[in-house]
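Here the structure is laid out as C-alpha cells; the discussion comes afterwards.
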Amino acid sequence: VAAVRTIDWDDGAVVIIDQTALPQELRTLRLTEVDDLVDAIRRLAVRGAPALGAAGALAVALAVRQGAREGWNRGDVDKAVDSVRRARPTAVNLARGVDRVAARLDDGPAAVEAEAAAVLDEDAATNRALAERGADLLVELCGRDTTGSDTEEGGLRLHTHCNAGALACVDVGTALGVVGAVHDRGLLARVYADETRPLLQGTRLTAWELDRMGADYRVVVDGAGPSLIARGQVDAVVVGADRIAANGDVANKIGTYPLALAAARRGIPFVVAAPESTVDPATPDGEHIEIEDRPDVEVVAWAGRRVAPEGARAVNPAFDVTPADLVTAIVTERRVVRPAAGERPA
Ligand code: MRU
C-alpha cells in the first residue's frame with residue numbers, strides 16, 4: 001500500500017504520484033491547471049480505472065479553482081471538464097468521476113470539492129471490501145481452506161496482469177488488493193506479474209507494490225503467461241477491469257484475453273476484481289466498448305530511442321475485451337457475478 005495516496009487534493013491542487021518515475025523514484029506532481037492533468041492522464045503519470053475516476057472527480061474541482069483565478073465563465077469550465085472526460089476513452093470510471101462531480105457545479109465550489117473528496121474516500125473503502133470478498137472467492141474457487149490452516153494443499157499461485165494495485169486506485173488496489181488479502185491470510189504461495197506494455201506497468205508498478213507487500217513474486221514477459229498456465233504453474237488468474245459491459249464482457253489491459261483463453265483451456269478460474277463503478281449498464285457488450293489506440297512510438301521506440309527500423313509502423317491498442325463466457329467470476333465490493341455460468345452483471 002502506498003505511503004501517500006496515489007491521487008489526492010491539497011489546497012486547490014491535484015497531487016499525484018508520478019507513475020512514470022517509479023520504481024526508481026517515488027515523486028509527486030502538483031497540478032494546478034486542467035491541461036496539465038489531461039497531459040498527466042494521457043502519458044500515464046496517473047492511470048488505472050479507479051485512479052482515473054478520482055482524477056475525473058478532482059478535475060472538476062480543479063477547473064472551478066482555475067476558472068476563479070482566470071475569470072472563466074461556465075462555458076469555459078464545462079469545456080475544461082470535458083477535455084478531461086475525453087482524455088482516455090476506455091475506463092468508464094473517468095467519465096463517471098467527471099459526471100458525478102460536474103452535477104454539483106450549480107451548488108458552488110464547496111459542494112464540488114466535497115463531492116470530489118467523497119469519490120476518493122469511497123474508493124478506498126470500496127476496495128477494502130472488494131479485497132476481502134475477492135480473497136474469499138479465490139480460496140473457494142481454488143478449493144482451499146479459508147482459515148489458512150489447510151497447509152497440505154499449499155498456498156495459491158496467482159497470475160495478474162498490468163497494475164491493478166494501490167497505484168491504479170486511491171490507496172487500496174482491486175486485483176492486487178485481493179492478492180494482498182490472500183497474502184495477509186497466509187495463503188499466498190506466489191504471484192506471477194506480467195510485465196505489461198506499453199510502459200511496463202507490471203514490471204515497474206506491480207512489482208514495486210508486491211515487493212512492499214513482502215510477497216513472493218516473479219515478473220514474466222506478457223507472452224509467457226498462457227504457457228505458465230498451460231504447464232499447471234498457476235491456480236487462478238486475477239485481473240482488474242477498465243469497463244465491464246452489461247453482458248459481462250470485460251475490457252482490460254491488452255494481453256488480458258490470452259490469459260483468459262489459457263485459463264479456460266486449463267480449467268482454472270479467471271477472476272475479474274473491480275468496483276461496481278466499473279460496471280457500465282449503458283454498454284450492452286464488448287463490441288460497444290471503445291478501445292484506446294495509443295501512439296506508434298510506444299512500440300517502435302524504447303526509452304526515447306528508436307528500436308524498430310525507420311518507417312516501421314505499429315498498432316498499439318491499449319486494451320482488449322475478454323468475452324463473458326471466459327470470465328469465471330466478477331467480484332465487486334457488493335457481490336460475485338459468474339458470467340461464464342450465464343449471469344449478467346447488469
Ligand atoms: O493503461 P492503464 O495502465 O491505465 O491500464 C490499466 C488497466 O488495464 C488496469 O488493469 C485497470 O485499469 C484496472 S486498475 C484497478
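The values are calculated or read from the model by the stated rules, or taken from the named source; none is laboratory data. Just so you know, these numbers come straight off a predicted model, no measurement behind them. Glycine also receives a Cβ, built like all others from the backbone with ideal geometry; neighbour counts cover every protein chain displayed. Surface areas here come from the heavy atoms of the whole protein model, side chains and all, with no ligands, DNA or RNA. Shrake-Rupley method; radii C 1.70, N 1.55, O 1.52, S 1.80 Å.
Set side by side, the residues Ala124, Ala193, Ala116 differ, and just one is within 16 Å of the ligand (Cβ to nearest atom), touching a residue at least 40 places away in the same chain (Cβ under 8 Å), of a type outside the set (D, E, K, R) and within 27 Å of Arg5 (Cβ to Cβ), which is Ala124. Between Gly56, Gly75, which is in a helix (DSSP H, G or I), modelled with pLDDT of 95 or more and over 18 Å from Arg243 (Cβ atoms)? Result of the check over Gly56, Gly75: Gly75.
Report yes if some residue within segment 164-177 is buried (at least 24 other Cβ atoms within 10 Å of the Cβ), farther than 26 Å from Ala59 by Cβ, within 16 Å of the ligand (Cβ to nearest atom) and not acidic (Asp, Glu); otherwise report no. Within segment 164-177, not a single residue is buried (at least 24 other Cβ atoms within 10 Å of the Cβ), farther than 26 Å from Ala59 by Cβ, within 16 Å of the ligand (Cβ to nearest atom) and not acidic (Asp, Glu).
Tell me, yes or no, whether segment 140-159 has at least one residue that is more than 9 Å from the ligand (Cβ to nearest atom), at pLDDT below 95, open to solvent by 30 Å² or more (accessible area, probe 1.4 Å) and within 28 Å of Ala303 (Cα to Cα). No - not one qualifying residue is present in segment 140-159. Which residues, counting only those in segment 178-193, are of a type in the set (Val, Ile, Thr) and surrounded by fewer than 24 Cβ atoms within 10 Å (Cβ to Cβ)? Selection gives nothing. Are any of the residues in segment 272-287 within 17 Å of Arg88 (Cα to Cα), within 16 Å of the ligand (Cβ to nearest atom), in a strand (DSSP E or B) and over 16 Å from the mean Cα position of the chain (by Cα)? Among the residues of segment 272-287, not one is within 17 Å of Arg88 (Cα to Cα), within 16 Å of the ligand (Cβ to nearest atom), in a strand (DSSP E or B) and over 16 Å from the mean Cα position of the chain (by Cα), which makes the answer no.
Quick check on Arg47: is it within 16 Å of the ligand (Cβ to nearest atom), closer than 24 Å to Val321 by Cα and outside any helix (DSSP H, G or I)? Spelling it out, Arg47 is indeed within 16 Å of the ligand (Cβ to nearest atom), closer than 24 Å to Val321 by Cα and outside any helix (DSSP H, G or I). Restricted to segment 288-298, and to residues there that are assigned to a loop (DSSP other than H, G, I, E, B) and not acidic (Asp, Glu), the residue that is nearest to Leu44 (Cα to Cα) is Arg294. Residues in segment 299-307: is at least one in a helix (DSSP H, G or I) and surrounded by 15 or more Cβ atoms within 10 Å (Cβ to Cβ)? The answer is yes; a qualifying residue exists. Would it be correct to say that Thr196 is within 25 Å of Ala262 (Cβ to Cβ), in a loop (DSSP other than H, G, I, E, B) and open to solvent by less than 10 Å² (accessible area, probe 1.4 Å)? Yes: the conditions hold for Thr196. Of all the criteria given as (1) open to solvent by less than 10 Å² (accessible area, probe 1.4 Å); (2) within 21 Å of Glu292 (Cα to Cα); (3) in contact (Cβ under 8 Å) with a residue 60 or more places away in the chain; (4) in a helix (DSSP H, G or I), the one not satisfied by Val98 is (3). Restricting Val1, Val46 to residues that are at pLDDT below 95 and either closer than 19 Å to Ala166 by Cα or open to solvent by less than 10 Å² (accessible area, probe 1.4 Å) (or both) narrows the list to Val1. Consider segment 60-92 and keep the residues that are within 16 Å of the ligand (Cβ to nearest atom) and either in contact with a strand residue (DSSP E or B) (Cβ under 9 Å, 6 or more places away or on another chain) or not basic (Lys, Arg) (or both). The one that is most open to solvent (accessible area, probe 1.4 Å) is Pro89. Considering segment 229-256, and only residues there that are open to solvent by 30 Å² or more (accessible area, probe 1.4 Å) and within 12 Å of the ligand (Cβ to nearest atom), the residue that is nearest to Leu158 (Cα to Cα) turns out to be Ile254.
Just to be sure, is Gln24 at pLDDT 95 or above, part of a loop (DSSP other than H, G, I, E, B) and surrounded by 22 or more Cβ atoms within 10 Å (Cβ to Cβ)?
no
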